[in-house]
Structure formats: C-alpha cells, structure tokens
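Below is one structure, written out as structure tokens; the observations come after it.
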C-alpha cells in the first residue's frame, strides 16, 4: 500500500477515536483505553503479566467491546512501574501486580469505584491526583516524548492517528529542501547528543558539500542516527525508540529530504533488544505503507534505512568513531577536518544526529520554528530529555524546557532525596560530565550554564548523589570508566587518564600524597586541551569538578587519612561502643569472616586485623553500638 499525502489525513480520520480517548477528550464512561506501560523498566517488573491479567478479566466480564488494553512504551515514571493509565479519565495506577487486577476490574469498571490504594498518592493525607496533576509530570513539557505512554509503538496507524507523518507530508508537498533547512535553523534546535552544535547549520553543511564521484558508493550522501547511548544510567534514546519509533523515522525522512540523502543508518546498541524489536517492526510497517523506499508519498524523493547493531563501545558516541565502526573498521576517532559533512561514511558527505534530535524535527516542521524557539533560553531552545537516576525519590525519564533550574528537576520533579538525606551533588553529561554541588542548584539547565559550572549537557544523563557519596570515589569510578573505554589512539587520553586513575586509586586507598591534587588538576587541563576527540576532551571533568567543589574531601583523604563519607574502606574503621552494646550477638552472627567476639549480654569486640570492612555489623545493629570512623 503506497500512501499519498491525502491518505495520511484519511487514516487520521479513521482512527479519530484513538486520538480523542488518549487526549482525554473522549466521552467518560463509554469507550475506555487502558494504557499499559511496556518500556524496558516495566516489562522487567512483569507489566506484560499485568496486561495479560487485564485482558483475561475484561473478557471474563464481557467488557472487551467497551474497554481496550493498549501496550505503550515508557511512561516516564519508572520508579512506580508497572503502570496502567485509564483514559480518558486520566487515572494513574502504579506498582501493579497481576493479583491486583481482578479486584481492580470489578471495582473500577463494573462498580464504577476507582481503587485508591492502587493509585499514586503524593504524600500522607494529600488528595489523590489525576495523572496530569502528579508533581513528577507537572513541570515537564513534552516534545520529543510527546507520544510517550500514549501510542502503541507497534502500530503505525496509532502514530498517524496522533498526528504522525503529517510533517513529512508537509515537507514533501509544501516546502523545498532549502526551506526545511531554514526552518530548522530558525528554530534554534541544537544537537541533543552532547556537543550542542546547531542542527540546521549541520544539515546545511552536508547539503552543500561537494560529492566526489569515485564509483565507490551507490549513494551520494548519507544520514545516520546515533542510538548507541553509552552513558551509565542513561536511557533517553532507548526509551524514545521503544515508545515512539516512528517519530525517529519521520525525523530522519525529513532530514534526508533536506540534505539530499537517499540512504540512512540507525546505529543502535545490541543491548537494547526491545528497542531493536520495535524499531525493526516500525521499519517494516513504514516500507509496507510506502513511507520508505521509492517515490515516498508520490514524490520524487526516495529513501531507505539500514539498522546496524553496535557492540557497546563508548567511544562510538563520537561521530567519526561511529562511522569507522559502520565501515567495519576499528572504532577510532579521525582527525578533523575534514568533518563528516564533507568526508564521512565511505568518504561521502554524512550527517549524524542522535535519536532525540531527530524526534524533535517533525514537531518543528508541523508547528513552526517560532513556536519551538519560544521555548527555552536565548541560546538553548526547546526542551531536553533527561534520565533522572541515583539518590532521588522519583527516578525516571523527564523532558523539561531548557532554562529550568537543577533544583526544580531534583526536588520538584524528582521529589527530593530519599530518607531525609542531604543533597550533595548532581552529575550531568554522563561519565564525561561534571558534578554540580548544592550551592549551584539554582543553575539553569542550558548548554552554556552547565559548561560554566564545569559540566556538560551531554546526551542527558543526570545522576543525583547524597551525603553518603564520597566525591573522590565518584571521580575515581568515572575516570576508571572512561579510561577503560578509551580507544587508545591518542596519548593524552590513553596515558593521561591511566595516570589520573592511578593517583585517585592511591588517594582512596590511603596512599595519597601532598601535591596529588595539584597534579590531577594539571593533568586534567592538559588532557582536555590535547586529546583527539570528545571522549578525551571531557574525561577529566568529573575529577576537575569534584576538586573544584569538594576539595576538602580530597584533603581529608590525603592529610587526615579519613573518608568523610565513610565509603573508602582503607580509610574507615568499625568499632563497637561498649556503652551502647547490649551483647545481642546480631553483629557476630552476621559477620561473614567471624571477626567479632564476645559473650551474650556482654560487650563485643571487632578484631581489626581480620575485619574486611563490609559494614554488615553496622547494618544489623539495632542499638547504635557500631561506630564508623
């Protein structure tokens, strides 16, 4: 079936009820959609069993003509899955188990009494809100994630019903390639993969690049989607692909038309099986509808996409390394210039953007550059997707307008720090990002402000830390990660990060020396200035920012021989306070190396020579008798 532009409108009309119910405009009490989150997080927590139980109960009570169970992608509120949202009522059920479903269906859908104990409650004594009023969602503004938790990612008709492929039809029938590029330039969209380069300019460079006809390739120009996403704790791109794969495809189609490319690649991690499955299905559906292939929507534009699976090399987040991997070579960065827009895949002009960048494109084309540029700040337009993880109550996927403060994200959306602990830092930008302290919590989240604070936007990882995190250990962990992931091509990254890691390991092991801090700072600056690619240029950031904001912790490790956060084992000692010890024997019974001795109801003692500092005694003591120093 080869679609024409008018067919997009006809499909939207045919599935108009889907749009009405999902938007909350449907008639309450009549047709109902139960949106079951089936992103990776919820699936791993048995949401598909919840879905099966819902279908069984609905069929049991013969409600299937009125109630439809819909599988969606990630809802965003990952800490509370499995999630079911009732539309159009906007009722948010959370932490569901299959055994909850019979009571839920009977009470809610037969008796008309929503089950409050299964709903989200923001706090004791507070009213139960509808989904739109839950604080986690309150300050978010969805563009790239506009269909999250709403569309069935395995049905192209639902994507079209909710406005999908309208932007492609507009671009192909109403706009020239140059006009598309000008619209993207005017929007102020910057690459969401980390560097923040203006997307429209990048497209323009590639479109205007001269093609050398050497007979090596059947295609003159290429576009690539970087879906490799190697940052620990990051899952933004994965969630978009799982939840809304056609948004990615539509963005790439528009970009290919603008640039003049006839073939594209999606480079995605092999560790993303669900995303791969849904992406493959979306590609098959797009080809079936004639949205990929020859003469798309009856135009002269032809384009197709190949999926390539990455093996998990972090360095492939750098675009020239990714190109090398696609070509079957070692994933190493290339010296630039020439840039990929001039000499990329197989020596041809190539444009690379990440998933989130491509997903923004259809919204800009259909709603206009002026609408998009009105969101955000003067230099950072639109919204940004973050994976909010770590020591925060509401972990999940959030999309916020640029310029929002870090405090609003961590405390208003994230709900603050668990257990009443004190906020200590938030790292943005993944392992190459910096750690931002409490004193800078009101920093606006935009490209320039984060760089000024010593961090980067990166692809959108955001890790929250509390008072129990040792910032020296945090720096050691991240420099260890980047050192292992270094491709080894350039000396500053290969050797410099190795020496920095050795110094940090000495400091955390109690072997730190005077001058180590200054040496780390000097080496970090040199690596940033001389490394070949972005991995090396940013690798020292965690070390430099932790020294900048938490220098006292480094000094305590080196000068005082102690770890203030009581994390570094070599610098802590467990002992038992004879005043508080009741001789309950809990510590002795749970010690894995049997290094605690003492009679029942008598003070116990820890043999320091045998203690492995596992902390088990501290964890099991109910009388505050175990001391950590």
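The values are calculated or read from the model by the stated rules, or taken from the named source; none is laboratory data. All values derive from a computational prediction rather than experimental measurement. Cβ: placed from backbone, ideal geometry, glycine included. Neighbour counts: every protein chain shown.
Regarding residue 178, is this residue at pLDDT 95 or above, more than 30 Å from residue 22 (Cβ to Cβ) and assigned to a helix (DSSP H, G or I)? Outline the logic, then answer.
Numbers: at pLDDT 95 or above: yes; more than 30 Å from residue 22 (Cβ to Cβ): yes; assigned to a helix (DSSP H, G or I): yes.
Spelling it out, residue 178 is indeed at pLDDT 95 or above, more than 30 Å from residue 22 (Cβ to Cβ) and assigned to a helix (DSSP H, G or I).
The criterion of being part of a helix (DSSP H, G or I), outside the structural domain of residue 319 (by TED's automatic domain parsing), at pLDDT 95 or above and within 15 Å of residue 477 (Cα to Cα) does not hold for residue 519.
The number of residues in the range 317-352 being part of a loop (DSSP other than H, G, I, E, B) and within 15 Å of residue 195 (Cβ to Cβ) comes to 6. Here residue 514 meets each of (1) within 30 Å of residue 195 (Cα to Cα); (2) modelled with pLDDT of 95 or more with one exception, condition (1). Applying the selection to the range 374-404, what residues are more than 17 Å from residue 140 (Cα to Cα) and surrounded by fewer than 23 Cβ atoms within 10 Å (Cβ to Cβ)? Those that are more than 17 Å from residue 140 (Cα to Cα) and surrounded by fewer than 23 Cβ atoms within 10 Å (Cβ to Cβ): 378, 379, 390. Can you find a residue in the range 449-466 that is in contact with a helix residue (DSSP H, G or I) (Cβ under 9 Å, 6 or more places away or on another chain), closer than 20 Å to residue 532 by Cβ and assigned to a helix (DSSP H, G or I)? The answer is no, given that none of the residues of the range 449-466 is in contact with a helix residue (DSSP H, G or I) (Cβ under 9 Å, 6 or more places away or on another chain), closer than 20 Å to residue 532 by Cβ and assigned to a helix (DSSP H, G or I).
Restricting 30, 2, 49 to residues that are in contact with a helix residue (DSSP H, G or I) (Cβ under 8 Å, 6 or more places away or on another chain) and modelled with pLDDT under 85 narrows the list to 2.
Considering only the range 518-526, I want to know if a residue exists there that is more than 30 Å from residue 332 (Cβ to Cβ), touching a residue at least 24 places away in the same chain (Cβ under 8 Å) and surrounded by fewer than 22 Cβ atoms within 10 Å (Cβ to Cβ). Lay out the reasoning, then the answer.
Pass one, the range 518-526, residues more than 30 Å from residue 332 (Cβ to Cβ): 518.
Those still in the list that are touching a residue at least 24 places away in the same chain (Cβ under 8 Å) too: none.
No, there is no match, as no residue in the range 518-526 is more than 30 Å from residue 332 (Cβ to Cβ), touching a residue at least 24 places away in the same chain (Cβ under 8 Å) and surrounded by fewer than 22 Cβ atoms within 10 Å (Cβ to Cβ).
With respect to the conditions (1) part of a loop (DSSP other than H, G, I, E, B); (2) under 20 Å from residue 428 (Cβ atoms); (3) in contact with a helix residue (DSSP H, G or I) (Cβ under 7 Å, 6 or more places away or on another chain), residue 487 falls short on a single one, namely (2). Among the numbered conditions (1) over 30 Å from residue 484 (Cα atoms); (2) in contact (Cβ under 8 Å) with a residue 60 or more places away in the chain, the only one that residue 624 does not meet is (2). Residue 476 meets all of the listed conditions (1) in a loop (DSSP other than H, G, I, E, B); (2) in contact with a helix residue (DSSP H, G or I) (Cβ under 6 Å, 6 or more places away or on another chain); (3) without any contact (Cβ under 8 Å) to a residue 60 or more places away in the chain but one, namely (1). The set of residues from the range 156-207 being out of contact with any helix residue (DSSP H, G or I) (no Cβ under 8 Å at 6 or more places or on another chain) and under 26 Å from residue 235 (Cα atoms) comprises 197, 202.
All of (1) closer than 27 Å to residue 347 by Cβ; (2) in contact with a strand residue (DSSP E or B) (Cβ under 7 Å, 6 or more places away or on another chain) hold for residue 204 with one exception: (2).
Quick check on residue 314: is it buried (at least 22 other Cβ atoms within 10 Å of the Cβ), farther than 24 Å from residue 151 by Cβ, within 17 Å of the chain's Cα centre (by Cα) and modelled with pLDDT under 90? Criteria met by residue 314.
Residues are listed down the side, and each one gets a yes or a no for (1) assigned to a helix (DSSP H, G or I); (2) in contact with a strand residue (DSSP E or B) (Cβ under 9 Å, 6 or more places away or on another chain); (3) at pLDDT 90 or above; (4) buried (at least 18 other Cβ atoms within 10 Å of the Cβ):
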| position | (1), (2), (3), (4) |
| --- | --- |
| 21 | yes, yes, no, yes |
| 43 | yes, yes, yes, yes |
| 64 | no, no, yes, no |
| 76 | no, yes, yes, yes |
| 85 | no, yes, yes, yes |
| 103 | yes, no, yes, no |
| 123 | no, no, no, no |
